[in-house]
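**Q** I am attaching a structure below and will ask some questions about it afterwards.
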Amino acid sequence: MIPLKDNVPTSRFPLVTVLLIVANLVVFAWQLSFSDSEESEEIRQGGITGLSERDQASIEYGAIPYRILHPGEGCAVGVPAGQAEADILCEGTPEYEGAELGDTSFVPLDEAPWWATVFLSMFMHGGLLHIAFNMLFLWIFGNNVEDSMGRARYLGFYLLAGIVAVYSQALIDPDSTVPTIGASGAVAGVLGGYLLLLPHARVLTLIFIIFFVTLVEIPAYVMLGIWFVLQFLPAVGQVATPVQGGVAYLAHVGGFVFGLAAIRLFARRRPEFGGGGPQYPVY
């Protein structure tokens, strides 16, 4: 299911939602400026293979669970003994202490501060489809949530949802050194807030069933309820059996639950389906 638009207009232009989308696109363009096939000069000098410049940027600016749960601990990248591919090792772990960090096997990463990666990771993405779907959902549902709060409160709500999402994912495997990137958790918070604000809004949805494609207007509670179930079930599997890498389903669940829990604290009013005053187009 791919949402295309809802049927609830806004009372003013959703400036923060638009600026968030622009910020995500700018950061993604910055990521694309790095090579995805050749190792960076720093890594090549370290004798490490299998790590592109774009991967290095994700490591340096993504939210690494071990780092954000152990503030102040640095990380290095290298090829551990007996392995053929690069790996990330962080201070305080047995693997890091046993590595020969003084030779050319490992290169300390020029990382952003751990607290900065919590925010920076929200604006980075792993690919075109990743950012496209995140921005589509933010574009459709974010305007009404912003309309209910005002711009400053909405920005705070969005960032807090992202923080909750990052730490929700980190708590699955506190020793993980795989960086988490993406706006999905923050956007999930927006979806959770929208669900309580406008459960009966109609969402024009593109539905694919094998070779059958159709457009259907469905209630927001159905659309977002199905979306949540599709995130929750894999998240349960990740809790039962933590895996390195892949989709951060628990981040989506954590952000969504935050949106449900916090929307009444942030929202000043419930958006209406019509009425007086100027209204901006539905999208």
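**Q** For region 198-217, enumerate the residues that are free of Cβ contacts under 8 Å to residues at least 60 places away in the same chain, under 29 Å from S148 (Cβ atoms) and not in a loop (DSSP other than H, G, I, E, B).
**A** Result: V216, single match.
**Q** Considering only residues that are within 11 Å of I2 (Cα to Cα) and not polar (S, T, N, Q), which ones fall in region 214-223?
**A** Here is the first cut: in region 214-223, the ones within 11 Å of I2 (Cα to Cα) are 214-216, 223.
Result: L215, V216, M223.
**Q** When region 14-40 is examined, which residues are found to be loosely packed, with under 15 Cβ neighbours inside 10 Å and closer than 24 Å to Y154 by Cβ? Spell out the reasoning first.
**A** Of region 14-40, the ones loosely packed, with under 15 Cβ neighbours inside 10 Å are 15, 19, 22-23, 25-26, 29-30, 32-33, 35-38.
Result: L15, L19, V22, A23, L25, V26.
**Q** Can you run down the residue pairs with Cβ atoms below 6 Å, 6 or more apart or on separate chains, where the first is in region 125-139 and assigned to a helix (DSSP H, G or I) and the partner is polar (S, T, N, Q) and crowded, with 16+ Cβ neighbours inside 10 Å?
**A** Note: pairs meeting the criteria are N134/S184.
**Q** Also, quick follow-up: Working only within region 169-197, note down all residues that are outside any helix (DSSP H, G or I) and within 22 Å of A112 (Cα to Cα).
**A** Of all residues in region 169-197, those outside any helix (DSSP H, G or I) come to 171-183.
Passing the criteria: L171, D173, P174, D175, S176, T177, V178, P179, T180, I181, G182, A183.
**Q** Taking region 1-25, which residues are among the aliphatic types (A, V, I, L, M) and either under 27 Å from Y221 (Cβ atoms) or free of Cβ contacts under 8 Å to residues at least 40 places away in the same chain (or both)?
**A** Within region 1-25, the subset among the aliphatic types (A, V, I, L, M) is 1-2, 4, 8, 15-16, 18-23, 25.
Hits for region 1-25 are M1, I2, L4, V8, V16, V18, L19, L20, I21, V22.
Every read-out reported here was derived from the displayed coordinates using simple, explicitly stated rules and does not represent laboratory data. Keep in mind the model is a prediction, meaning the values are calculated, not measured. Ideal geometry is used to build each Cβ from the backbone, glycine not excepted, and the neighbour counts take in all protein chains shown.
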